[in-house]
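The values are calculated or read from the model by the stated rules, or taken from the named source; none is laboratory data. Remember, it's a predicted structure, so these values are computed and weren't measured experimentally. Virtual Cβ from ideal backbone geometry, glycine too; neighbours counted across all protein chains shown.
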Amino acid sequence: MSALKLVMTTAGLGRFTAAQAGDDIDLTIARVGLTDTAFVAAPSLTALPGEFRRLSTVSGSVEAENVVHMTVTDDAAISYTVRGFGLFLTDGTLFAAYS
């Protein structure tokens, strides 16, 4: 599978920049929101358009300075279509999105 190019939100970039400057900010991706709505992933997003599910079973590892491998699991016995997703920090900030 080819790499997914996410768009970092303005709020996500602000949290990242503040953390790099020494502020005590948790940059952990705590939840992944899912949507079946087609949308344009833009830095101005503050919410995931059409979000229907938010998963907290997230794990991952740093593979390189600019590469992260992430696994998201949904154990529910349901099926759904996903057209995009958002990465949410522990404080609920939409960090980045993919569509």
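If a residue has to be assigned to a loop (DSSP other than H, G, I, E, B) and either loosely packed, with under 13 Cβ neighbours inside 10 Å or at pLDDT below 95 (or both) to count, how many in the range 3-32 make the cut?
Residues of the range 3-32 assigned to a loop (DSSP other than H, G, I, E, B): 3-6, 9, 21-28.
Next, from what is left, pick out any that are either loosely packed, with under 13 Cβ neighbours inside 10 Å or at pLDDT below 95 (or both): 3-6, 21-28.
Result for the range 3-32: 12.
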Handout entry: Candidates T46, T35, T71, filtered to the one that is β-branched (V, I, T) and either surrounded by 11 or more Cβ atoms within 10 Å (Cβ to Cβ) or touching a His at 6+ places or on another chain (Cβ under 8 Å) (or both)
Key = T35
Practice task
Specify which of the listed residues (F52, F88, F39) is in contact with a strand residue (DSSP E or B) (Cβ under 7 Å, 6 or more places away or on another chain), at pLDDT 95 or above and closer than 20 Å to D26 by Cβ.
Solution key: F88
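For T46, indicate whether it is modelled with pLDDT of 95 or more and either more than 16 Å from A3 (Cα to Cα) or out of contact with any strand residue (DSSP E or B) (no Cβ under 6 Å at 6 or more places or on another chain) (or both).
yes
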